[in-house]
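Structure below; questions to follow.
The values are calculated or read from the model by the stated rules, or taken from the named source; none is laboratory data. These numbers were taken from a predicted model, which means no experiment stands behind them. So basically every Cβ, Gly included, is an ideal-geometry build from the backbone, and we count neighbours across all protein chains shown.
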Amino acid sequence: MPGSQDQDRELIRRAQRGDQHAFGDLYVIHAPAIFRYLFAQLENCMDAEDLTGEVFLKAWQSLPKYMERGVPFLAFLFRIAHNTLVDHYRQNNRLEQQAPDEMDGYHEDGTPEPVETVGKLLEHQKILAVLSKLRPDYQSVLTLRFISELSPEETARVMKRSVGAIRVLQHRALAALREALNEKQ
Amino acid sequence: MRTERQIEKIINDYLPSIGNGQETLESVVEKFPEMANELRPRLEAALWLRDARFALATRPGYIHDSRKYLETKIEESQPKGWLGKIFRQHTAQHWVFNIASTVMIILLLALVINSTALTARLSIPGDPFYTTKLFLEDARLAFTFDPVDRSNLHMEYSRQRTSEFVELVLDGDYDQLPAATTRLESEIIASLHALNRVTLADGAAKQPATAGLQHTLSNEISMLRILQQSSPQGVNAEIELAIQVVQAGVMALR
């Protein structure tokens, strides 16, 4: 679960005064959740890593504006992450990306990667394939709730919906996911 | 909505126990037979997502290494110098808003003070701003250090008191006349004291200052005499008293 709000508040206060180490602590707390959110929607790990860094650099640049908006920090980060992802899709049309079969499991020189890495890549491809069968809002709610481990309240803030609406959406999304898994099998 | 809430709670409560082997999917579903049909597929989906979470985790050492990289990037982009650091803490909008609001407040205050001073300057005894008028006069005196200037200021205030007295009579506000006479007397006494200080400080300035005060008091007497002739009989005594006060000042000058 991402860090407590009190801890966040203190680190944000220091980061707003220009303390990059405090922002580094915020990064350690929240980067794993942001990474998982991005990786669940991207074809490869390198892109997810690059975009995670980009999200936090944008967050650093927008930090002075953050207090004025009064949004919880995690929701603020996930909104940046969502916008960064949208920009990424615009810049690199997904259809034009290299097909996973052509690259996954091999280094540039053609030697195979370790078995563990290949297994993880295949697992990732399977996750993407299943999630991509769902409606975008189902994908978002499941990714935020179960992959990034946000609370219903935080998810509601990120998706700009009420907590009740998130609960209903999650209920339907889980059922849809189960159906998608059945189809896959 | 109730079922959705219940299933969400079950998932939140039992997902960790299934994960650490304390429970199984079947054992959890058996605990809630009335909603087994709805719960089972959702719990299965939630378990699949939990496993997916591990597959989507960052590679070992990534957070540590990328943190260093991020901090270096931030360090490079940090504004140099104290001015840059101050500007980093607030957005351009914030600065524009702060400066604009400060300027607006200063302008508004200047407008209010100016209007108050103007209203006070035109006020006569009994008006709400009359106390402000006296306060402003005292403030002006407090910041006038040259004896000649102070003497001139007292003469100006003496003329003011006489004008106020005339206005009170013309407005028929006779209740304020005794107090106005007392203030006129105080101002004439203050003028005489100021004149003494001029004499002590600068002998050459004594002559024109004395002539000035004499001229002022003579004019005041003339003004009050004209007022006496054109005013009702009932207010004659008060005007006469004011004339005597000014005449006493002339006598003191001689």
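Which is loosely packed, with under 13 Cβ neighbours inside 10 Å and closer than 28 Å to residue A:44 by Cα, of B:60, B:16?
Only one candidate qualifies: B:60.
Matching residues to (1) of a type in the set (Phe, Trp, Tyr); (2) without any contact (Cβ under 8 Å) to a residue 60 or more places away in the chain:
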{"position": "B:96", "(1), (2)": "no, yes"}
{"position": "B:106", "(1), (2)": "no, yes"}
{"position": "B:122", "(1), (2)": "no, yes"}
{"position": "B:135", "(1), (2)": "yes, yes"}
{"position": "B:150", "(1), (2)": "no, yes"}
{"position": "B:178", "(1), (2)": "no, no"}
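I've got another one for you. If I ask for residues that are in a helix (DSSP H, G or I) and basic (Lys, Arg), which ones from region B:213-254 would you list? Reasoning before the result, please.
Filtering region B:213-254 for residues in a helix (DSSP H, G or I) gives B:213-230, B:233-253.
Within region B:213-254, B:225 is the sole residue that qualifies.
A follow-up question, please. For region A:1-89, list the helices (runs of 4 or more DSSP H) that sit wholly inside it and hold at least 1 residues that are β-branched (Val, Ile, Thr), without any contact (Cβ under 8 Å) to a residue 60 or more places away in the chain and at the interface with chain B (Cβ under 10 Å from one of its Cβ atoms); which are they? Spell out the reasoning first.
Working: elements: A:5-16, A:20-39, A:45-69.
Where helices (runs of 4 or more DSSP H) fall fully within region A:1-89 and carry at least 1 residues being β-branched (Val, Ile, Thr), without any contact (Cβ under 8 Å) to a residue 60 or more places away in the chain and at the interface with chain B (Cβ under 10 Å from one of its Cβ atoms), they are A:20-39, A:45-69.
Please go through (1) aliphatic (A, V, I, L, M); (2) surrounded by fewer than 19 Cβ atoms within 10 Å (Cβ to Cβ); (3) at pLDDT 85 or above for residue A:74 and return the number of the only condition it doesn't satisfy.
(2)
In region A:132-155, which residues are part of a helix (DSSP H, G or I) and over 18 Å from residue A:36 (Cα atoms)?
We begin by selecting, within region A:132-155, every residue part of a helix (DSSP H, G or I); these are A:136-147, A:152-155.
Once the filter is applied, which keeps residues that are part of a helix (DSSP H, G or I) and over 18 Å from residue A:36 (Cα atoms), region A:132-155 yields only A:153.
Output the residues belonging to region B:218-235 that are exposed (fewer than 13 other Cβ atoms within 10 Å of the Cβ) and more than 21 Å from residue B:186 (Cα to Cα).
Passing the criteria: B:226, B:229, B:230, B:232, B:233, B:234.
Would you mind finding the one in B:210, B:182 that is among the polar types (S, T, N, Q), more than 24 Å from residue B:122 (Cα to Cα), out of contact with any Asp or Glu (no Cβ under 8 Å at 6 or more places or on another chain) and part of a helix (DSSP H, G or I)? Outline the logic, then answer.
Values: B:182 fails: more than 24 Å from residue B:122 (Cα to Cα).
When all the criteria are applied, what remains is B:210.
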